[in-house]
2 protein chains.
Amino acid sequence: MKASYIPTLIELLELGAKDRPISITTSELGQKLGKSQQLASKHLEEMEREGMVERIRSGGKTYVKLTKKGVSSGAALYSSLSRVYAKNESETLEIVGTVFSGLGEGAYYVSLKGYKKQFLAKLGFEPFPGTMNLRLDLPVYRKVRRDLETMKGIHIDGFKDGKRTYGGAECFKAMLNNKVDGAVLVIERTTHDDTVLELISPVNLRKQFNLKDGDEMRVSIFPESSEA
Amino acid sequence: MKASYIPTLIELLELGAKDRPISITTSELGQKLGKSQQLASKHLEEMEREGMVERIRSGGKTYVKLTKKGVSSGAALYSSLSRVYAKNESETLEIVGTVFSGLGEGAYYVSLKGYKKQFLAKLGFEPFPGTMNLRLDLPVYRKVRRDLETMKGIHIDGFKDGKRTYGGAECFKAMLNNKVDGAVLVIERTTHDDTVLELISPVNLRKQFNLKDGDEMRVSIFPESSEA
DNA sequence: ATTACTAGTAATCGAGTAA
DNA sequence: TTTACTCGATTACTAGTAA
């Protein structure tokens, strides 16, 4: 997104266009921005072309709503600034969830060379082939899970192998059940499910802790400090 | 500040120029921004002219530090975005803590007519004379406790009785141990202790749940839906 | 009312290069 | 090396006005 659109994006966010279509004219928007009507019109036009906003015309009025892309562009800005201005940085985040069986496809992805090499280099271990899925039942842990989405972790790059593209992810180093090292895996997706936490570890966690579905597991997450 | 400088400002913030002079060349800055060296140079020049940054030349290197004005420009952006993104609304917040004995002065305050009347009117109950103190041992609950500080609850006004002044507070309706109604009391203080949660309830909680010091208690908090 | 096109100006930006 | 100048291209913006 172009830097000159940032004030417009923020204005739309403040007007509530994140959650619902808002009724606003280009004149009003221009005035709020301290710019001309024509520029507001152009910004909306261009932002629509870029997929940041949707415009709906109804009953002579124009309604503007930010798309998922628009909302997440703002969230990216917010996240950058949070790292600088939010004070609760290098503390430990705690999440407790219950073990459940996923589709088992985690083992496949984690074993791909393109990922495995990065895990070793950036996390310091080669993951056991398989991910551990935790279901987060308590709202308070789902909130922490959502906080992770906005935080900067250890970035794992996506890659291509000729056939298809594999997406990137953010990792957060973690201590599992206060005993075993591992990492939380936050995969870049379009849809965010805040009820599931995905873990990798150098060891077979089910074996290590003798876990079966429904058992509880505690994850202590160590966010990266904001130093660049 | 010009919109086109926002990414530059954010980059400098992320590099730590908020707290100390950072050593950076215009080439490096330009590269980080995905722009040219010349532009980075111009941005720094212009931002210095506007009083957003200071540049110090020492030992052949150039150091850049944001001024108070620069830091607060970033803070303004952050605050706008916070209002939009930092809301944890209408969900239930969960806190678990352990019972401990306070100084017992809670009973005195809660019984004051100036407060008692407001509790009845705004919370719908007259509190049992005495507050329940929970110690928050887990960091995750202390985080929720801090979140409460920034949230708007049910406001209890302060008052004067001729002799002295009594401060205000924010209340959050809560369900205690999934059974009894009550409220969390967030007292307006200068010092914030995020390890203690203070509760009021129409009933004697120690008697109701047969609690002694060290026992656990679960608090489900219902934040007001309107935003602070 | 609106939104958005056209035409023109001002600001922004990058390449080349001086200091 | 570094920073910052000139200059030409591009982009951001406004005024006037059509639709």
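The values are calculated or read from the model by the stated rules, or taken from the named source; none is laboratory data. Predicted model, so just to flag it, every value in this text is computed and none were measured. Neighbour counts run over all protein chains shown; Cβ positions are idealised from the backbone, glycine included.
For segment B:52-76, which residues satisfy the criterion of being under 30 Å from the mean Cα position of the chain (by Cα), within 16 Å of DNA strand D (Cβ to nearest atom) and not in a strand (DSSP E or B)? If the condition is that a residue be under 30 Å from the mean Cα position of the chain (by Cα), within 16 Å of DNA strand D (Cβ to nearest atom) and not in a strand (DSSP E or B), then B:MET52 is the only one that fits.
So which residues in segment B:145-171 are within 14 Å of chain A (Cβ to nearest Cβ) and free of Cβ contacts under 8 Å to residues at least 60 places away in the same chain?
Narrowing segment B:145-171 to residues within 14 Å of chain A (Cβ to nearest Cβ): B:145-151.
B:ARG145, B:ARG146, B:ASP147, B:GLU149, listed by residue number.
Among the residues making up segment A:15-54, a single one is closer than 30 Å to A:ARG189 by Cβ, near DNA strand C (Cβ under 8 Å from one of its atoms) and loosely packed, with under 15 Cβ neighbours inside 10 Å: A:GLU45.
Summed over segment B:100-123, the residues that are closer than 17 Å to B:ASP181 by Cα and touching a residue at least 40 places away in the same chain (Cβ under 8 Å) give a count of 4. Scanning segment A:55-73 for residues that are surrounded by fewer than 16 Cβ atoms within 10 Å (Cβ to Cβ) and touching a helix residue (DSSP H, G or I) at 6+ places or on another chain (Cβ under 7 Å) turns up just one, A:ARG55. When the test is whether a residue is free of Cβ contacts under 8 Å to residues at least 40 places away in the same chain, aliphatic (A, V, I, L, M) and buried (at least 17 other Cβ atoms within 10 Å of the Cβ), B:VAL219 does not pass it. Looking at segment B:164-191 only, could you name the residues that are modelled with pLDDT under 90, out of contact with any strand residue (DSSP E or B) (no Cβ under 9 Å at 6 or more places or on another chain) and closer than 19 Å to B:VAL99 by Cα? The answer is B:LYS179, and nothing else. Considering each residue of segment A:11-25 in turn, at least one proves to be within 13 Å of DNA strand D (Cβ to nearest atom), touching a helix residue (DSSP H, G or I) at 6+ places or on another chain (Cβ under 7 Å) and in a helix (DSSP H, G or I).
Kindly indicate which of A:LYS18, A:LYS32 is within 14 Å of chain B (Cβ to nearest Cβ), more than 22 Å from A:ARG146 (Cα to Cα) and in contact (Cβ under 8 Å) with a residue 12 or more places away in the chain.
On the way: A:LYS18 fails: more than 22 Å from A:ARG146 (Cα to Cα).
After ruling out the rest, the residue left standing is A:LYS32.
Looking at segment B:189-197, can you tell me whether even one residue there is under 25 Å from A:ARG218 (Cα atoms), in the same structural domain as B:GLY214 (by TED's automatic domain parsing), in contact with a Ser or Thr (Cβ under 7 Å, 6 or more places away or on another chain) and in contact (Cβ under 8 Å) with a residue 40 or more places away in the chain? Give the steps one after another, and end with the answer.
Within segment B:189-197, the first condition is being under 25 Å from A:ARG218 (Cα atoms), and the residues that meet it are B:194-197.
With the extra rule that they be in the same structural domain as B:GLY214 (by TED's automatic domain parsing), the set shrinks to B:194-197.
Then keep just the ones that are in contact with a Ser or Thr (Cβ under 7 Å, 6 or more places away or on another chain); that gives none.
Checked against the condition, which is being under 25 Å from A:ARG218 (Cα atoms), in the same structural domain as B:GLY214 (by TED's automatic domain parsing), in contact with a Ser or Thr (Cβ under 7 Å, 6 or more places away or on another chain) and in contact (Cβ under 8 Å) with a residue 40 or more places away in the chain, segment B:189-197 yields no hits at all.
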